[in-house]
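What follows is one structure encoded as structure tokens, with my remarks underneath.
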């Protein structure tokens with residue numbers, strides 16, 4: 001039997017290759033490679049999809065976070081409350097602007113920021129809260145948003161993995177300032193690095209547009225020092241094609257998740273059922289088992305690729321170890337147990353069944 005990959009980008013591109021090549025040819029013919037009409041069209045389409053006034057395309061998801069923080073005036077001497085259970089770019093962006101990440105624990109069921117812990121992390125230096133909509137699951141934006149409103153804090157959503165996830169019918173990235181990645185492994189993926197910032201605030205959008213372009217106003221005036229984080233037209237053209245397929249791909253991810261839930265119930269710990277007011281898009285389907293490493297090895301022996309997102313929490317990474325942090329017991333336990341199963345849209349039903357059978361068999365062998 002053929003191996004089952006964790007993700008299959010060649011299969012995705014093969015299905016829409018003609019559409020992609022035509023979009024690329026269009027850019028080659030008009031020759032506008034930096035920003036330009038493809039970027040503007042993609043920004044407009046994404047803004048309409050999220051339900052915000054503005055989307056600003058940038059070079060990558062990390063830059064989106066750092067630019068959003070700077071746009072809200074977060075800098076040296078400030079603190080940003082976030083979680084340690086995330087990709088370390090979440091905290092890297094906070095460090096990039098000179099601020100300090102302050103980690104709160106995750107909820108043991110959702111593996112997302114626990115809003116009940118925010119009050120205990122608040123200090124006079126706190127300027128923002130950065131919830132992470134991890135693996136395509138929306139955070140509790142009612143509670144987090146209310147906390148930010150009560151204390152006058154910026155709400156900056158790390159939605160890198162969660163385009164189209166929803167809370168109370170609203171898309172993530174539409175509650176505060178949204179920061180998205182379109183890295184090749186994301187649900188909406190460029191053929192390289194790309195990202196965007198979403199906001200309803202005209203001033204925030206205007207500042208990010210200028211900051212992504214070296215602080216330039218017009219062509220000949222530079223108002224402030226900034227980096228270069230422009231979204232390339234070629235990436236935007238390809239993303240515009242893929243955006244037309246995102247609904248179908250999300251449906252397929254959710255079908256895989258539903259099938260896993262039914263078949264794996266009682267064998268290991270599953271993601272919590274989606275609340276009535278939330279909708280996940282399953283960037284990953286994350287299960288938990290106390291003997292995760294043996295389970296992963298057993299699946300690998302059968303040619304089934306799985307991943308761990310993420311085995312080392314941010315607060316234990318060398319780059320962030322200098323920051324004092326309180327106990328994060330749910331984070332520490334989760335990273336020892338989590339395992340991400342293949343859930344990419346091109347996964348066929350037969351291969352999904354192979355994953356299920358192999359997983360059930362492995363679980364039974366570990367009892």
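Within segment 154-171, restricting attention to residues that are assigned to a loop (DSSP other than H, G, I, E, B) and in contact (Cβ under 8 Å) with a residue 60 or more places away in the chain, the residue that is surrounded by the fewest Cβ atoms within 10 Å (Cβ to Cβ) is 169. A single member of 124, 162, 198 is over 26 Å from residue 332 (Cβ atoms) and touching a helix residue (DSSP H, G or I) at 6+ places or on another chain (Cβ under 7 Å), and it is 198. Looking at 39, 97, which one is crowded, with 23+ Cβ neighbours inside 10 Å and touching a residue at least 12 places away in the same chain (Cβ under 8 Å)? Exactly one residue qualifies, and that residue is 39.
Scanning segment 250-271 for residues that are assigned to a loop (DSSP other than H, G, I, E, B), in contact (Cβ under 8 Å) with a residue 12 or more places away in the chain and farther than 13 Å from residue 135 by Cα yields 267, 268, 270. Tell me, which residue of segment 121-149 that is surrounded by fewer than 24 Cβ atoms within 10 Å (Cβ to Cβ) and part of a loop (DSSP other than H, G, I, E, B) is farthest from the chain's Cα centre (by Cα)? Restricting to residues being surrounded by fewer than 24 Cβ atoms within 10 Å (Cβ to Cβ) and part of a loop (DSSP other than H, G, I, E, B), the top hit is 124. Just so you know, in segment 327-348 the residues that are surrounded by fewer than 20 Cβ atoms within 10 Å (Cβ to Cβ) and free of Cβ contacts under 8 Å to residues at least 60 places away in the same chain include one that is farthest from residue 185 (Cα to Cα), and it is 332. Here residue 191 fits the description: within 21 Å of the chain's Cα centre (by Cα) and in a loop (DSSP other than H, G, I, E, B).
Could you please let me know if residue 302 is in contact with a helix residue (DSSP H, G or I) (Cβ under 7 Å, 6 or more places away or on another chain) and surrounded by fewer than 19 Cβ atoms within 10 Å (Cβ to Cβ)?
Spelling it out, residue 302 is indeed in contact with a helix residue (DSSP H, G or I) (Cβ under 7 Å, 6 or more places away or on another chain) and surrounded by fewer than 19 Cβ atoms within 10 Å (Cβ to Cβ).
Readers should treat all values here as calculations from the given coordinates under stated rules, not as data from a laboratory. What you are looking at is a predicted structure, and each value in this text was computed from that prediction instead of being measured. Don't worry about glycine lacking a Cβ; one is built from the backbone with ideal geometry, like all the others, and counts go over all protein chains shown.
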